[in-house]
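Please treat every number below as a calculation from the coordinates, not as lab data. Just so it is clear, the model here is predicted, and its values are computed rather than measured. Backbone-built Cβ (ideal geometry, glycine too); neighbour counts: all protein chains shown.
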Amino acid sequence: MSEKRKPYPFDQFESKWQSHWSENKTYRAPGPGEEGFDASKPKYYILDMFPYPSGAGLHVGHPEGYTATDIVGRYKRMNGYNVLHPMGWDAFGLPAEQYAIKTGQHPRVTTEANINNFRRQLQELGFAYDWDREVNTTDPKYIRWTQWIFLQLYNSYFCDEDQKAKPVSDLEEKGWTQEQIDEVRLAFIHEAPVNWSPSMGTVLANEEVQEWKDKGETVERRPLRQWMLRITKYAQRLIDELEPLEWPESIKALQRNWIGRSEGAEVTFDVEGNDITVFTTRPDTLFGATYMVLAPEHSLVSAITTAPQKEAVEAYVSACASKSDMERGLDKEKTGADTGAFAINPVNGEKIPVWIADYVMMGYGSGAIMAVPAHDTRDFEFAQKFGLPILQVVQPHGDQDWQGCTNPGTAINSGFLDGLKTKDAKKKIIYWLVENRKGEKKIQFKLRDWLFSRQRYWGEPFPLLWDKETGQHSGVCESELPLLQPEMEDFKPTGDPRGPLINCTDWINYSDKLQRETNTMPQWAGSCWYYLRYCDPKNTDHFISPENEDYWGNEDGFVDFYVGGKEHAVLHLLYSRFWHKVLNDLGHLKSKEPFKKYFAPGLIMGEDGQKMSKSLGNVVNPDDVVEKYGADSLRLYEMFMGPLDQDKPWAMKGVEGVHRFLAKVWRVACSEDSEGRWELSGKIVEGRNDDLAKITHQTIKRVEGAINSLRFNTAISGMMECANAYTAAKEVPKDLFLTFLKLLSPFAPHLAEEINSMLEESELLSEQTWPVLDESLLVESEIQLIVQVNGKLRARIQVPADVSKEDAEKAALADGNIRAHIDGKTVRKVIVVPGKLVNIVAN
RNA sequence: GCCGGCGUGGCGGAAUUGGUAGACGCGCGCGAUUCAAAAUCGCGUUUCUUAGGAAGUAUCGGUUCGAUUCCGAUCGCCGGUACCA
């Protein structure tokens, strides 16, 4: 009936085992106080980035990381750990809302349907998740705690002396006014040019802009009053506390880069009676500052501009204002205008002209620079174009051209700095600036505060109220949480920067005096802390109980091992670290970091080597692969493709390859009868076979090593070699084959479980312990030595494993081929590496 | 420009402290089985070759008895970031 018989009947047992595991709660990980909890067991918390349940369903990229963590989790479990491996849904967010608008359904409905589809797909891959711990960021019981954490941020400030967050109530006790307190809250309202997307009708965080632009959305700068989170206060700690984490160096570098720490100095210039401060990383070049540049948006521009220059300056400012960020970035040709004003260089009293130019950004430092054209490429270009003076103050090493040269060297034309190396000149000028009250040492960061409000419907509302008369804001009472969005017919973005909730008058009006905040939180809010909730998902008194925190978390990084896409290197991973530190500072958590160890799987590309996309038609649907080859084959293939952290192209032929391997394992135990039915072959016997014992134990060693170093592709190669040996043998001892099945079970749990049960083993493989390596089986009595002459392989000789150096040398020199190669030459030296080789140096 | 990563057969890749380069898989070729095919099993598969060898891990150079591995320079590709002062 079936046109093509399957190489092994995965379709008949995969779903059976999935149901079995699910019904028996095989992978339940009980926590403190729960039934079946065993405090003596060590714990292991392994976490996947929870997916955003899109309408498109699971992508083949998802099971890559999920299979890796599943293998490690199952391996740890077989080694006696109480493994927490949970799954949940990052279900708020713009795409969900856009999809809902498009289909005319409420996002809660479409989200639920998408979640059900995702859950089905994940369950069909046999992942050992504890589904009792499932979390969903859009669940009111979850929203409640997201909002509670927001209120912690809102009700705290950053104490600079102690470098940590503290409750604002401390400031109230010190007699601070409400206005003063509002200035320092970690969640604060701020009017500034922000990233406004006209196409999406919302603002975006700096970190998100590129991603949405890539998807074709428009983003422009626009001044708006928005809620911000004061992440910049944590800039230094976010760099320092990253150091001890077991993260890939590249990801750490990405975060450091984004935070962008620069050491330098602030220098104050007198400009027509105003103090203008600039930041510079090269205070040693202060004598070479021959002009000053302000950003066009700088607040003092109109005040200092002289009458004759007024028209030109105003024209330039408005030209810049109308340019989008993109145009401004693309246009590398320097432009600017002379304000006519002069600044006094504090170090030598020189009068230097003040210009405005759009190569100076308002968002970094003070929005003003001292220009040192001799030693800065941008200032050099600008000075050349506008004929401004260029004064060399650093003599670079060697014969490098000093013009526009930014390299360090020796100070010249710099008064008391002359003759000093750049490093020493920096120290001396900073000392001078401090002494003369003209500046100070300064550390500057690129990191901006986090724009946290969105003008959308499908997100957590801010639990905040505004006084209609005074305009003062305040947090709602914790007992009123969760605060859910009202039911609305039409929640489309309105273009109104207050968001669609503004149209829901019943909901907005909290009382006669008070009105609700109408902005909502970004998708990141829920994902910032979900790893904590998994530990105690049903707790109604705490976001996580201290007992669960102590049991599941680590002091030096809460989660033992976190796996997920590197596209979140400067988004989710940075935001989570920030929230975790705030919660730690406020005494709600004991650890400083959320993720002790982190790993980012590579991207799975299309078969054509391009990134998978609908438009290219190269998308692989995991459901189709499971249908055709089974879940084990998909899992195994994704692990066999290559190193986990590398980007790699999909190849359906490769899926067939691992599928054949699984079928080969199946056929070690089973064969077909004349009707085409599978039955035990009788090849598995009681007995012993030293050769197979050796390769089986070699495989234990290889697989263990490979799992511990996340090199799953080599684990699978090892198992393939072992299976090839079983295939070639006439009989396979049962104990060895059962050992092999245990090794295979984290990778292909369904097949391993099925064969195990067919061999009348009653206990589930996943309940069994990992095989113990017997090293004695690996020792050889005879080994092969390679013999080289002048480093080139010339012979292989068999010698006893414990051969002495002298005997090895003798045996090598006795070999016929070796004799031929050293014939007529003098042996100068013989290197013997025990157990490996003999190298004869002769000429 | 700056930061990070990567260059090994026809392809994905292996070689864990420097010690047999190309494991394992894909593809391809040959053979067995079959009436035939599929499936399966076995053998072969870096290149050149005067068949003894020679060359070979992006390129050039260095250290070493010995380098895919360590060091230096160059080229190429990928990712991040960018008038960040």
Problem - Relative contact order (%) - chain A, alpha-carbon pairs under 8 angstrom, separation at least six - result: 13
Problem - Counting all C-alpha pairs of segment A:425-575, share separated by more than 18 Å (%) - result: 73
Exercise for the section: Could you please state, rounded to a whole Å, how far the C-alpha centre of segment A:816-834 is from the C-alpha centre of segment A:242-313? Expected result: 69
Practice task
Return the calculated 222 nm mean residue ellipticity for chain A, to the nearest 500 deg cm²/dmol, obtained by summing -39500 (n - 2.57) across DSSP H runs with n ≥ 4 and dividing by the residue count.
Solution key: -10500 deg cm²/dmol
Problem - Sorted largest first, extent of segment A:1-110 alpha carbons per principal axis (Å) - result: 52, 48, 24
Exercise for the section: Could you tell me which of the pairs A:Lys215/A:Lys628; A:Lys41/A:Lys734; A:Lys653/A:Lys836; A:Lys43/A:Lys596 are separated by over 26 angstrom between their Cα atoms in the structure shown? Expected result: A:Lys215/A:Lys628; A:Lys41/A:Lys734; A:Lys653/A:Lys836
Practice task
Return the aspartates and glutamates within reach of A:Lys25: Cα separation strictly under 17 angstrom, same-chain partners fewer than 8 residues apart disregarded; answer none if there are no such residues.
Solution key: A:Glu14, A:Glu34, A:Glu35, A:Asp38, A:Asp70, A:Glu124, A:Asp130, A:Asp132, A:Glu134, A:Glu753, A:Glu763, A:Glu767
Problem - Cα-based equivalent ellipsoid of segment A:73-121: semi-axis lengths in Å, sorted from largest, via gyration tensor - result: 35, 10, 7
Completion exercise
Karplus-derived 3J(HN,Hα) from phi for segment A:22-39 (6.51 cos²θ - 1.76 cosθ + 1.60, θ = phi - 60°), whole Hz, x at Gly and Pro, runs 5, 5, 8, 6, 4, 9, 5, 10, x, x, x, x, 9, 4, x, 6, 10, 5
Exercise for the section: Nearest 5 is fine: what % of DSSP beta bridges in chain A come out antiparallel, could you say? Expected result: 75
Problem - Fraction of the pair-distance distribution of chain A above 39 Å, Cα-Cα pairs, percent - result: 55
Completion exercise
Cα extents of segment A:567-631 along the principal axes, largest first, in whole Å, come to 52, 26, 17
Exercise for the section: Run down the aspartates and glutamates and flag those whose C-alpha is under 19 Å from the C-alpha of A:Lys492, throwing out any fewer than 8 positions away in its chain. Expected result: A:Glu97, A:Glu217, A:Glu460, A:Asp506, A:Glu517
Problem - Burial order of peptide ranges A:454-462, A:637-645, A:766-774, A:547-555 (average beta-carbon count within 10 Å, highest first) - result: A:454-462, A:637-645, A:547-555, A:766-774
Completion exercise
Along principal axes, largest first, the alpha-carbon spread of segment A:349-486 in whole Å comes out as 70, 36, 31
Practice task
Under 12 Å from the Cβ of A:Pro649, count the other residues' Cβ atoms, weight Lys and Arg +1, Asp and Glu -1, and hand me the total.
Solution key: 0
Practice task
Beta carbons within 10 angstrom, averaged per residue: use that to sort the peptides A:266-272, A:283-289, highest first.
Solution key: A:283-289, A:266-272
Fill in the blank from the handout: Given A:308-315, A:23-30, A:467-474, the highest-first ranking by average Cβ count within 10 Å works out to A:23-30, A:308-315, A:467-474
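Please list, by residue number, every one of the trypsin sites (Lys or Arg not before Pro) in segment A:517-589 that is coil in DSSP and has at most 11 other beta-carbon atoms within 10 Å. Can you show the working numbers first?
Working: sites: A:Arg533, A:Lys538, A:Lys566, A:Arg577, A:Lys581; in loops: A:Lys538.
Counting only loop positions with at most 11 other Cβ atoms within 10 Å, the trypsin sites (Lys or Arg not before Pro) in segment A:517-589 are A:Lys538.
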Exercise for the section: Two decimals is fine: what's Rg over Rh for segment A:513-646, C-alpha atoms, Kirkwood radius as Rh? Expected result: 1.09
Handout entry: Between 0 and 90°, nearest 10: helix A:690-708 axis offset from chain A longest Cα axis
Key = 10
Completion exercise
If N is the residue count of segment A:656-742, its Cα Rg over 2.2 N^0.38 Å rounds to 1.13
Practice task
For segment A:70-223, list log₁₀ I(q)/I(0) at each q in 0.17 Å⁻¹, using the Debye formula over Cα point scatterers of equal strength and ignoring solvent, two decimals each.
Solution key: -1.13
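Just the ratio, please: alpha-carbon radius of gyration of segment A:316-418 over 2.2 N^0.38 Å, N its number of residues.
1.20
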Fill in the blank from the handout: The long-range amide H neighbours of A:Trp89, using H built 1.01 Å from N in the peptide plane and a cut-off of under 5 Å, are A:Val135, A:Asn136, A:Thr137
Exercise for the section: Between the alpha-carbon centers of segment A:368-415 and segment A:347-362, tell me the distance in whole angstrom. Expected result: 15
Problem - Calculated FRET efficiency for the pair A:Ile189/A:Asp418, C-beta based, R₀ 60 Å, to 0.05 - result: 0.75
Practice task
Take the alpha carbon atoms of segment A:717-764, find their center, do the same for segment A:193-217, and report the distance between the two centers in whole angstrom.
Solution key: 52
Exercise for the section: Provide, for segment A:307-395, the number of lysine pairs with alpha carbons under 22 Å apart, each pair being eight or more places apart or on different chains. Expected result: 10
Handout entry: Links that overshoot a 25 Å alpha carbon limit, given the list A:Lys213/A:Lys566; A:Lys76/A:Lys597; A:Lys421/A:Lys446
Key = A:Lys421/A:Lys446
Completion exercise
Straight-line reach check, A:Lys141, cutoff 21 Å on alpha carbons, 8 or more apart in-chain or any other chain, hits among lysines -> A:Lys538
